[in-house]
Amino acid sequence: MTGAPRLRARPSAGSAEAASSSSRVSWRRWTLRALSVLTLFLLWNGVSAVRLRLPFVSFANLPAPAEVAEAFLALANTGKLQSHIAASLTRVLAGYFLAATVGVVVGVLVARGRSIEDIVMPTLELARPIPAVAWIPLAILMFPSSEASMIFITFTGALFPILLNSIDAVREVDRRLIASARSLGANETTIIREIVIPGAMPGVVTGLSIGMGTCWFCLVTAEMISGQLGIGYYTWESYTLQNYPDIVVGMLVIGVLGSASSAAVRGLGAVVMPWRRKNS
Amino acid sequence: MLSTSLNSRPKADPRPAATGAGVGRVELREVTVAYGRGAGLTETSLVIRPGEFLCLLGPSGCGKSTALNVIGGFVAPTSGMALVDGERVCGPGPDRGVVFQHYSLFPWKTAQDNVAFGLRMRGASTAEARRLALDYLSSVGLARFARAYPSTLSGGMQQRVAIARALVTRPAVLLMDEPFGALDAQTRALMQEHLLEQWRDIRNTVVFVTHDLDEALFLGDRVVVLSAAPGRVLLDLRIDLPRPRPREVHASEAFNEAKVRCRDLIRCESRRAFERAEALA
Ligand SMILES: Nc1ncnc2c1ncn2[C@@H]1O[C@H](COP(=O)(O)OP(=O)(O)OP(=O)(O)O)[C@@H](O)[C@H]1O
Ligand SMILES: [Mg+2]
């Protein structure tokens, strides 16, 4: 299989046979994934049913899946779930879009200019290890509305992964591609628009996807400030009220929303980067 | 402005570019490139005539890529200068097309848009550039792949598109750094013929770096062997084999004679370089 056959484009080699075998493979993989989640639920059900107590961990107070499902339905039936979710989504998306804008723009600037890097990076490196919880007091003091302080906290959560990934992505754009573009007569503006930006896109999208995750990660922290609404607030309140099934409902809702929105970001990435799609 | 005649007669562009009009004279004038303690090139001089196909050989690390990068304007010489048609090189420019060994195509552009890029940079509208690019791809037998992204093409195909991208604007000079180095022997042979076929129409100056002596002798009008650092010109050999050259030229007397001469020199030089490195270590 050397020589002439290699001159053929790969897509034309993708026959119906290959397609059906790849769909069989993906079917197998999906089954495996579903089984993994199912197993987790069965284990959870098992340990909470027997109230398993081990020397180092106890599942005695762990609510069973059925209790959690019941609590979930109760919450959904009152319509409260929807308003909690709406409140949280608004905060997360506001913080996220701010972080995405700031992170990508500053990231590109830092990667392209040394003095901008020297001005911006020391402060940011100092701020980076500070956990979201530690920002709560200052956020309350700094922002007149609690809504703004919650958005600020989700913003800090998303900013760093987006910023750092953007910086790396811009720096790692292949220099030979920039050299090629120059020798074809491209000026600096064209190089940024047609080479640097698309070249950095995969890394930026990775950062955006991680940032979406960390944004949800900070939600409970942010909504500790909230007075009444939000799925993180609901989780935290359930803990103080010792409504254990409700805690798990809150956790699972955050988990589902968080991974769904990260997947949405990756999906969007695939749309804007058609060249990275396999077998397109 | 671009001539639209590229569309109707892709093989006979009347623009004053490469074609025999005496442009594409390349000169290295006592070029030294210092990299920290080491040297890429030391006072190397070389004159390449317009329309000449020059192959650059030499032991690894002797400065072949450095020389190419100086001509391309990617590396500024520490002293001395490179000139193209009497003008000092001070940066990359569209008069000098380049083809690298790897990754030279823009992954986010289709083959057609890669080829159209240089035309657009020369002032063609996007629509016109894409049309001319498609015509060019068709004329070199790549029309089927116009809408493919580089990652879906084989290495040989990608390199064909890269050559099309560099040649569609008919630059006065074409610089190629081991362009077929990553390909298997059979694909490589096909690519050599493909390149010569295109060059026959343009007749621009080509500087072609390779490790492969057969390749150099098959392609070149002239073979220059650089010595191990300090990279001076060790051998400057005219290859007078008639063109178009059939594959069988490999078996000819003249070919073998040139080959033996070059090979002995390179072998001797590589050993010297190796021994010098050993002595330093
Ligand atoms: N960016 C760089 N920084 C430091 N030294 C370099 C750099 N590029 C090349 N060199 C050195 O300059 C010398 C010439 O390198 P060059 O790449 O031009 O050689 P070459 O003839 O192309 O070798 P090869 O056949 O292996 O590609 C080598 O000794 C190399 O180590
Ligand atoms: Mg090299």
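Read-outs: derived from the displayed coordinates by stated rules, not from any lab. Just so we're clear, the structure is a prediction, and the values are computed from it rather than from any experiment. Virtual Cβ from ideal backbone geometry, glycine too; neighbours counted across all protein chains shown.
Go through the range B:57-79 and count every residue that is assigned to a loop (DSSP other than H, G, I, E, B), within 13 Å of ligand 2 (Cβ to nearest atom) and either within 22 Å of residue B:263 (Cα to Cα) or of a type in the set (Gly, Ala, Ser) (or both). Explain how you work it out, then say what you get.
Start the filter on the range B:57-79 by keeping residues that are assigned to a loop (DSSP other than H, G, I, E, B), which leaves B:58-63, B:73-78.
Subsequent filtering for residues that are within 13 Å of ligand 2 (Cβ to nearest atom) retains B:58-63, B:74-75.
Of the ones still in play, those that are also either within 22 Å of residue B:263 (Cα to Cα) or of a type in the set (Gly, Ala, Ser) (or both) are B:58-63.
Within the range B:57-79, residues that are assigned to a loop (DSSP other than H, G, I, E, B), within 13 Å of ligand 2 (Cβ to nearest atom) and either within 22 Å of residue B:263 (Cα to Cα) or of a type in the set (Gly, Ala, Ser) (or both) number 6.
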**Complete:** Across (1) in a helix (DSSP H, G or I); (2) surrounded by fewer than 17 Cβ atoms within 10 Å (Cβ to Cβ); (3) touching a strand residue (DSSP E or B) at 6+ places or on another chain (Cβ under 8 Å), residue B:236 clears everything bar (1)
**Request:** Report, by residue number, each residue of the range B:177-212 that is of a type outside the set (D, E, K, R), within 16 Å of ligand 2 (Cβ to nearest atom) and either touching a strand residue (DSSP E or B) at 6+ places or on another chain (Cβ under 8 Å) or closer than 17 Å to residue B:240 by Cα (or both).
**Result:** B:179, B:207, B:208, B:209, B:210, B:211
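Conditions (1) touching a helix residue (DSSP H, G or I) at 6+ places or on another chain (Cβ under 7 Å); (2) more than 16 Å from ligand 1 (Cβ to nearest atom); (3) in contact (Cβ under 8 Å) with a residue 40 or more places away in the chain, marked per residue:
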{"site": "B:187", "(1), (2), (3)": "yes, yes, no"}
{"site": "B:196", "(1), (2), (3)": "yes, yes, yes"}
{"site": "B:202", "(1), (2), (3)": "yes, yes, yes"}
{"site": "B:206", "(1), (2), (3)": "yes, yes, yes"}
{"site": "B:213", "(1), (2), (3)": "yes, no, yes"}
{"site": "B:245", "(1), (2), (3)": "yes, yes, yes"}
{"site": "B:252", "(1), (2), (3)": "no, yes, no"}
{"site": "B:255", "(1), (2), (3)": "yes, yes, no"}
{"site": "B:258", "(1), (2), (3)": "yes, yes, yes"}
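In contact (Cβ under 8 Å) with a residue 24 or more places away in the chain, away from ligand 2 (no atom under 16 Å from the Cβ), touching a strand residue (DSSP E or B) at 6+ places or on another chain (Cβ under 6 Å) and of a type outside the set (Gly, Ala, Ser): does that describe residue B:84? Even if it seems obvious, please write down each step before you answer.
Numbers: in contact (Cβ under 8 Å) with a residue 24 or more places away in the chain: yes; away from ligand 2 (no atom under 16 Å from the Cβ): yes; touching a strand residue (DSSP E or B) at 6+ places or on another chain (Cβ under 6 Å): yes; of a type outside the set (Gly, Ala, Ser): yes.
Against the criterion (in contact (Cβ under 8 Å) with a residue 24 or more places away in the chain, away from ligand 2 (no atom under 16 Å from the Cβ), touching a strand residue (DSSP E or B) at 6+ places or on another chain (Cβ under 6 Å) and of a type outside the set (Gly, Ala, Ser)), residue B:84 qualifies.
Yes or no, residue by residue, for (1) buried (at least 22 other Cβ atoms within 10 Å of the Cβ); (2) in contact (Cβ under 8 Å) with a residue 12 or more places away in the chain; (3) assigned to a helix (DSSP H, G or I):
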{"site": "A:137", "(1), (2), (3)": "no, no, yes"}
{"site": "A:144", "(1), (2), (3)": "no, no, no"}
{"site": "A:151", "(1), (2), (3)": "yes, yes, yes"}
{"site": "A:156", "(1), (2), (3)": "yes, yes, yes"}
{"site": "A:159", "(1), (2), (3)": "yes, yes, yes"}
{"site": "A:163", "(1), (2), (3)": "yes, yes, yes"}
{"site": "A:170", "(1), (2), (3)": "yes, yes, yes"}
{"site": "A:179", "(1), (2), (3)": "no, no, yes"}
{"site": "A:185", "(1), (2), (3)": "no, no, no"}
**Asked** Does at least one position in the range B:163-175 carry a residue that is within 16 Å of ligand 1 (Cβ to nearest atom) and in contact with a strand residue (DSSP E or B) (Cβ under 9 Å, 6 or more places away or on another chain)?
**Response** yes
**Asked** Is it the case that some residue within the range B:25-37 is more than 16 Å from ligand 2 (Cβ to nearest atom) and touching a residue at least 60 places away in the same chain (Cβ under 8 Å)?
**Response** yes
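Residues checked against (1) touching a Gly at 6+ places or on another chain (Cβ under 8 Å); (2) more than 11 Å from every other protein chain (Cβ to nearest Cβ):
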{"position": "B:138", "(1), (2)": "no, yes"}
{"position": "B:142", "(1), (2)": "no, no"}
{"position": "B:169", "(1), (2)": "yes, no"}
{"position": "B:178", "(1), (2)": "no, yes"}
{"position": "B:191", "(1), (2)": "yes, no"}
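Tell me which residues, restricted to the range B:186-201, are farther than 27 Å from residue B:63 by Cβ and not basic (Lys, Arg). Walk me through how you get there before you give the answer.
Within the range B:186-201, the subset farther than 27 Å from residue B:63 by Cβ is B:186-187, B:189-190, B:193-194, B:197-198, B:200-201.
Answer for the range B:186-201, where residues must be farther than 27 Å from residue B:63 by Cβ and not basic (Lys, Arg): B:186, B:187, B:189, B:190, B:193, B:194, B:197, B:198, B:201.
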**Asked** Quick check: is even one residue across the range B:134-146 within 23 Å of the chain's Cα centre (by Cα), within 16 Å of ligand 1 (Cβ to nearest atom) and under 29 Å from residue B:55 (Cα atoms)?
**Response** no
